[in-house]
Amino acid sequence: MKTKLTLNQKAGLLSVGLFALLLLIWQLATLPEASTVAADVDPEYAALMGGGAASSASSFPTPAAMAQTLWGKLSDPFYDNGPNDKGIGIQLAYSLARVLGGFILAAAVAIPLGFAIGNSRVFYQAINPYVQLLKPISPLAWMPLALYTIKDASASAIFVIFICSLWPMLINTAHGVANVKKDWLDVSRTLEVNPLRKAFRVILPAAAPTILTGMRISMGIAWLVIVAAEMLVGGTGIGYFVWNEWNNLSLTNVLFAILMIGVVGMGLDSVFGVLGKRVAYQE
Amino acid sequence: MTSSSIHPFVQVENLARVYPSPGGGADVTVFDHVNFRIHKGEFVCVTGHSGCGKSTILNILAGLDTASAGNVFMDGREVTGPSLDRGVIFQSHALMPWLTVLENVAFAVKSRWPSWNKRKIRDHAMRYIELVGLKGAEHKKPSQLSGGMKQRVGIARAFSIEPKMLLMDEPFGALDALTRGVIQDELLKICAETQQTVFMITHDIDEAILLSDRIMLMSTGPHARIAEIVNNTLPRPRERSAIHKQLHYYPIRNHLVDFLVSRSKQFGALRDAPDAPSSPSIIDPEDLIETEAESTVAPMSHAGKPHIHLVNT
């Protein structure tokens, strides 16, 4: 009997197959090297060079070692053994707090400002050159300035997130507000709707999908930038964790952190995906 | 004589719209010397070729657009901006797609009576939703409705604020003939019940004859004007199925078709003369019957007149 697979089932099977293939390549690439190389070397010298018989394997973790680390780290994510040894949950929480802090500040500035810019051609043209100039600047370039003026590492990281989240939200809000269908504005004009009610009941829902797309882009960028920012400012956070584990030469932990960054980033993006669906409308 | 006939409900005086020429040459006058009056409870249709400025006139009446010259008075006061006194039904229905049918109508009701509580707003909105036959669909979003149903919501929304005058810009232009007929019948019924004053743009001559008390014919621009006003004396209540059996039906219809096919352009040429008349000639069906009788055309040929339905391009 032939069974037909649905599209989802086919895609799922292919995904699992690709994952198995990746594990296989990974396993093959990290197989212990043949010990013949080390045979004619003085074992004592080899041990000194970090290539003793016990550790002749590549220092890149095998899938099995990775799985073990994953299990170990995730079973106790919130332990705190001092500044250099915190659970992954705590590190991610620090990063998330900074990202959310900077992001919310940026939204609080960008959305009202975007409304104003989108509503007025004059304002739009006056602000546009500044936005075009400031937008392409890598947010990390602001870091020294932030450290100098704010004099606080964590707050500087938040500032950097603020700066990088600002532009997509500002541009999208202005664009969404400026492109609200004239028909809907005409309707509210003929109904003598007051400006505040018009802003919240007509313009905001009309522009919401565009605004939310801007927020989604901002959040994506913020999550990219926080890793780099925390590598610079140090102390806590997932970015600091990556750099710290690199200094410890623990590639297993670095790989683990990379995976976690991906998982959290995906989670943040899907939150905005869900919110976007909620405000979407079909004409 | 009642006071309303001395001071008409709506008075439009010497309305004109001039656009600066894009090439920097002489300005383009779309229409000028537009004069007409609308009495309370009257249903007036305007027809004419595309580009003669019908929609601009409607937007000026609505207060959404401004004239280059001239004035519009309604109820003794000059129209200077949009107002809840004038409801507008847009050709593109202009419903807010994120709101349900009920919310769309309730939004208008709440705008009209901000102090009303939720329940009162809801009940009032529902009454008009039922009036246009959309009971049961009140919780649907516009995207779930057919074109005809969307336009009904637009009608319910415009009527729900109980405006002094209703402005309709080709409200049924985007609908198929069958749906259009059904909604025209409903509009006829609602207008009879509410004694609504209506100003409506249409390209459909049969629609104009079915609905209106007077039909204003605009000449072709530039310098478009209201060339003729035809008094539509067909008795009410009117029935779509029986209206063509009325004595005056074909004379009126032929007169309108003739205008659109040939006379509208002649008027256009006439307007270039500096002393061209600025007030339209009033046409009564009685006169039309006399001229019909004088002509040698056989009566049967009336039915053979092509159905002219002009479409905005």
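Annotations
- Between 0 and 90°, nearest 10: helix A:251-279 axis offset from chain A longest Cα axis: 20 degrees
- Label-to-label distance, B:Asn14 versus A:Leu224, with points set 7 angstrom from Cα along the beta-carbon direction: 6.4 nm.
- Reach of B:Lys135 by Cα under 13 Å, taken over aspartates and glutamates that are not fewer than 8 positions away in the same chain: B:Asp123
- Across the cross-link table entries B:Lys245/B:Lys265; B:Lys40/B:Lys141; A:Lys277/B:Lys150, which are compared at the Cα atoms, the separations over 28 Å belong to B:Lys245/B:Lys265; B:Lys40/B:Lys141.
- Lysines with Cα under 16 Å of A:Lys10, excluding same-chain neighbours fewer than 8 positions away: A:Lys2
- Across the accessible surface of the range A:98-236, with the other protein chains kept in place and a 1.4 Å probe, carbon and sulfur atoms take up 71 percent.
- For peptides B:256-267, A:108-119, sequence by mean Cβ density within 10 Å, most packed first: A:108-119, B:256-267
- Cα-centred dipole magnitude for chain A, charges only on beta-carbon of K, R (+1) and D, E (-1), debye, nearest 20: 1800 debye
- Among A:Val242, B:Asn104, A:Pro112 - extreme Cα towards positive end, dipole of the protein assembly as shown, charges at beta-carbon: B:Asn104
- Loop-exposed trypsin sites (Lys or Arg not before Pro) per DSSP, neighbour cap 13 Cβ within 10 angstrom, longest uninterrupted part of chain A: A:5-150
- Counting only alpha carbon atoms, the long axis of helix A:204-233 and the longest principal axis of chain A meet at about 30°.
- Rough spin-label spacing in nm, given labels placed 7 Å along Cα→Cβ, for A:Leu28 and B:Ala177: 7.1 nm
- Take each residue in B:89-97, count the other chain C-beta atoms within 10 Å of its C-beta, and the mean is 5.
- For B:Asp213, net neighbour charge (Lys/Arg +1, Asp/Glu -1) across residues whose Cβ lies under 13 Å away: +3
- Averaged over the residues of peptide A:199-205, the number of Cβ atoms from other protein chains lying within 10 Å of each residue's Cβ is 2.
- Global size of the range A:98-236 as Cα Rg and Dmax, reported in angstrom: 17.1, 58
- Sparse-neighbourhood loop sites, trypsin sites (Lys or Arg not before Pro) in the range B:55-147 - DSSP loop, at most 15 other Cβ within 10 angstrom: B:Lys135, B:Lys140
- Inter-part distance where the range A:216-274 and the range B:160-235 are each reduced to a Cα centre, Å: 65 Å
- Kirkwood Rh in Å, taken over the protein assembly as shown so that all alpha-carbon pairs contribute: 30.3 Å
- The residues packed around A:Phe256, meaning those with a beta-carbon under 12 Å from its beta-carbon, carry a net charge of 0 if Lys and Arg are +1 and Asp and Glu are -1.
- Hits among lysines - C-alpha to C-alpha of A:Lys73 under 22 Å, sequence gap 8 or more where chains match: A:Lys86
- For A:Ala65 and A:Ala108, the FRET efficiency from 1/(1 + (r/R0)^6), where r spans their Cβ atoms and R0 equals 60 Å, is about 0.85.
- Chains A and B, summed buried accessible surface - 1.4 Å probe, Å², nearest 100: 1900 Å²
- Using just its DSSP H runs of length 4 or more, each adding -39500 (n - 2.57), chain B gives a mean residue ellipticity at 222 nm of -10000 deg cm²/dmol after division by all residues.
- Averaged over the residues of A:178-190, the number of partner chain Cβ atoms lying within 10 Å of the residue Cβ comes to 6.
- Note, ³J(HN,Hα) from phi for the range B:196-201, Karplus 6.51, -1.76, 1.60, rounded to Hz, x at Gly and Pro: 6, 7, 10, 10, 10, 9
- With Cα atoms, 0 to 90° folded angle of helix A:7-29 axis to chain A main axis: 40 degrees
- Ranking B:Arg236, B:Arg152, B:Arg157 by solvent-accessible area of protein heavy atoms (1.4 Å probe, all protein chains present), from largest to smallest, gives B:Arg236, B:Arg152, B:Arg157.
- For chain B, alpha-carbon Rg relative to the globular expectation (2.2 N^0.38 Å, N residues): 1.03
- Counted charge near B:Gln91, where neighbours are those whose Cβ lies closer than 10 Å (Asp, Glu -1; Lys, Arg +1): -3
- Efficiency of FRET from Cβ geometry, A:Ser270 and B:Glu193, R₀ 56 Å, rounded to 0.05: 0.60
The values are calculated or read from the model by the stated rules, or taken from the named source; none is laboratory data. If you're wondering where the values come from, they're calculated on a predicted model, not measured in any experiment. Every residue, glycine among them, receives a Cβ derived from its backbone with ideal geometry; neighbour counts consider all protein chains shown. Remember, those area values only see protein heavy atoms, side chains included, never the ligands or the DNA or RNA. Shrake-Rupley method; radii C 1.70, N 1.55, O 1.52, S 1.80 Å.
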